[in-house]
Amino acid sequence: MKFIVFLLMFLLSGFVFAQEEEDDDADDSGVLQYVGVKDCRRCHKKVEQGEQFKIWSESAHAKAFETLKSEEAAKIAKEKGLTVAAHEAKECLQCHATGYDAEPAMLGKKFSVEEGVQCETCHGAGSKYKKKKIMKSRELSLENGMTAIFVDDGSAKKQCLECHNEKSPTYKEFNFEESWEKIAHPVPKDKKD
């Protein structure tokens with residue numbers, strides 16, 4: 001009986017390590033790729049990490065692509081003279097979907113444009129910084145392509161204003177401070193370098 005338990009534990013641990021290794025493997029080509037929210041979610045769903053995934057998934061950003069399939073979006077696209085549906089138009093996708101115009105080689109196996117405005121919109125394509133051993137170090141994360149945006153230096157506001165501006169056909173006055181509070185997802189202070 002002990003042998004069977006040991007054998008099962010051994011096989012299960014091999015499966016877990018193989019799964020973790022598969023999830024962490026970057027594209028061998030060395031091309032920086034968008035990996036998608038499923039990879040980010042693995043670590044950034046935890047309370048001790050600040051529940052970043054939950055905050056995103058409950059935000060309008062998570063549903064940004066889906067809004068392009070609405071009747072209102074179809075009406076706007078028609079009024080703007082677009083010849084394709086809103087969810088296919090680069091004029092709409094530039095603010096409603098991450099990686100919509102990326103070269104195919106930059107799109108990882110799990111990535112989907114339909115994830116809307118997701119983590120990599122602000123933090124950059126994640127294939128080179130997504131590994132846990134890299135993400136544990138802010139310095140290594142930045143060296144491997146992660147983009148950091150901050151409220152204090154204005155980089156977060158600048159990033160937001162790339163889409164939340166008068167060019168949008170549905171623009172409403174944008175209050176950065178109020179909007180930031182809805183999506184803020186800092187890593188808890190005890191987890192920072």
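The values are calculated or read from the model by the stated rules, or taken from the named source; none is laboratory data. As the structure is a computational prediction, the values presented were derived from the model and not from experiment. We place every Cβ from the backbone using ideal geometry, glycine too, and count neighbours over all the protein chains shown. To get the accessible areas, we keep the full protein, side chains included, count just its heavy atoms, and leave off ligands, DNA and RNA. Shrake-Rupley method; radii C 1.70, N 1.55, O 1.52, S 1.80 Å.
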Notebook entry, point to check: Can you give the three extents of the C-alpha atoms in region 45-150 along their principal axes, from longest to shortest, in whole Å?
Noted result: 48, 31, 27
Notebook entry, point to check: Calculated FRET efficiency, H123 and E66, Cβ-Cβ r, R0 22 Å, to nearest 0.05?
Noted result: 0.55
Next item on the list: Could you calculate, for region 33-101, the ratio of the Cα radius of gyration to the Kirkwood radius, expressed as Rg to Rh?
Entry: 1.10
Item checked: Solvent-accessible area of D101 with every protein chain in place, 1.4 Å probe, in Å² to the nearest 10 -> 100
Check: Quick one: Cα centre-to-centre distance for region 118-160 and region 57-112, in angstrom?
Finding: 23
Notebook entry, point to check: In this model, which of K128/K158; K69/K109; K109/K157; K38/K75 are farther than 29 Å apart at the alpha-carbon?
Noted result: K109/K157; K38/K75
Notebook entry, point to check: Residue separation times 0.36 nm, minus the C-alpha to C-alpha distance between V151 and E166: what's the value?
Noted result: 3.3 nm
Next item on the list: Summarise the accessible area of region 110-193 (1.4 Å probe, protein heavy atoms) by the percent that is carbon and sulfur.
Entry: 52
Item checked: Point-charge dipole on Cβ atoms (K/R +1, D/E -1) for region 62-102, about Cα centre, debye to 20 -> 40
Notebook entry, point to check: How large is the convex hull of the Cα atoms of region 104-180 per residue, expressed in Å³ as a whole number?
Noted result: 132
Next item on the list: Please give the FRET efficiency for E178 paired with A85, using the beta carbon to beta carbon distance and R0 = 30 Å, rounded to the nearest 0.05.
Entry: 0.45
Check: What ³J(HN,Hα) values, in whole Hz, does the Karplus curve 6.51 cos²θ - 1.76 cosθ + 1.60 give for region 68-83 when θ = phi - 60°, with x put for Gly and Pro?
Finding: 6, 9, 7, 4, 4, 5, 4, 5, 4, 4, 5, 4, 7, x, 5, 9
Note to self: Assuming 0.36 nm per residue, please report the length gained on full extension of the stretch A105 to L142 beyond their Cα-Cα distance.
What the structure shows: 11.1 nm
Next item on the list: Kindly sort E120, E51, E181, E66 by accessible area of their heavy atoms, largest first, with the probe set to 1.4 Å.
Entry: E181, E66, E51, E120
